[in-house]
Amino acid sequence: MAGCRSEGERGLAPGKRLPISDFETLAGESFSLDSLAGKTLLVNFWASWCAPCVAEMPELQKLHDQLSATNFSVVAIGIDDSAENLMKVQRRFNLTFPIVRDQKGLSKSAFHLVGFPESFVVDGSGKLMMFSDPDSGEPVVRVIGPREWGRDPALTIMRSLASH
């Protein structure tokens, strides 16, 4: 399945701290990924105008539902989008995991984003983790394009990372 492409370059390494962690809630309040310190995070960059991103949201909710009792959380970060449009998707799918937005537009360059949706896994200390791409099985620091996060093999991979 293809994702929506944007320009950028690849370049974040496992073990590296997040380049930025401060965002804005859909209600306009400050939100920091540091507030979730100690949890393993699946950080998903997306936009409401990206059809594969929107299609992936129910899968992220399934993953969240399956692992919310563990030390794991999903966080979706809206890029190049309005809070209103992101809220429409949130309501449409009854999404309960944190959805924030990059109001300053720093994520694209800081994370070297090259497409949407794009997902990273972050450990409890805020460092990027290497993980197996659920589609290819290859070790990666990011996946570009949607995945079936709420079912195996993705669910098993994320469950294993949450237990570390």
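Values quoted throughout were computed directly from the atomic coordinates according to the rules given, and no laboratory measurement underlies them. Values in this document were obtained by computation on a predicted structure and should not be read as measured data. Heads up, the Cβs are rebuilt from the backbone with ideal geometry, glycines too, and the neighbour counts pull from every protein chain shown.
If each residue of separation counts as 0.36 nm, what is the full-extension length gain between Thr25 and Arg151 once their alpha-carbon separation is subtracted?
42.6 nm
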- Query: Taking amide hydrogens as modeled 1.01 Å from N in the peptide plane, which residues meet the under 5 Å criterion relative to Gln103, leaving out close sequence neighbours?
  - Reply: Glu24
- Where the eigenvalues come from the Cα gyration tensor of the chain, what are the semi-axes √(5λ) of the equivalent ellipsoid, largest first, in whole Å? 20, 17, 17
- Query: With the Cα gyration tensor of the stretch 25-97 giving a ≥ b ≥ c as the square roots of its eigenvalues, does the rule (a/c under 1.5 for rounded; else a/b larger than b/c for prolate; else oblate) give rounded, prolate or oblate?
  - Reply: oblate
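Based on the Cβ-Cβ distance from Lys16 to Asn85, what FRET efficiency comes out when R0 is 35 Å, to the nearest 0.05?
0.70
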- Once phi for every residue in the stretch 33-41 is put through the Karplus expression 6.51 cos²θ - 1.76 cosθ + 1.60 (θ = phi - 60°), the whole-Hz ³J(HN,Hα) values, with Gly and Pro written as x, are 4, 4, 5, 9, 3, x, 9, 7, 10
- Karplus-derived 3J(HN,Hα) from phi for the stretch 110-115 (6.51 cos²θ - 1.76 cosθ + 1.60, θ = phi - 60°), whole Hz, x at Gly and Pro, runs 5, 9, 6, 5, 10, x
- Message: From the phi angles alone, apply the Karplus equation (6.51, -1.76, 1.60; θ = phi - 60°) to the stretch 140-154 and give each ³J(HN,Hα) in whole Hz, x where the residue is Gly or Pro.
- Response: 9, 9, 8, 10, 10, x, x, 9, 8, 4, x, 9, 6, x, 4
- Note on the structure: Amide H neighbours of Gly115 at under 5 Å, excluding residues fewer than 5 places away on the same chain, with H built from the backbone geometry, are Ser6
- Indicate the gyration tensor shape class of the stretch 39-78 (rounded, prolate or oblate), computed on the Cα atoms with a ≥ b ≥ c the square roots of the eigenvalues: a/c under 1.5 is rounded; otherwise a/b larger than b/c is prolate and the rest oblate. oblate
- Hey, got a sec? Which trypsin sites (Lys or Arg not before Pro) in the stretch 94-155 land in a DSSP loop and have at most 13 other Cβ atoms within 10 Å? Lys104
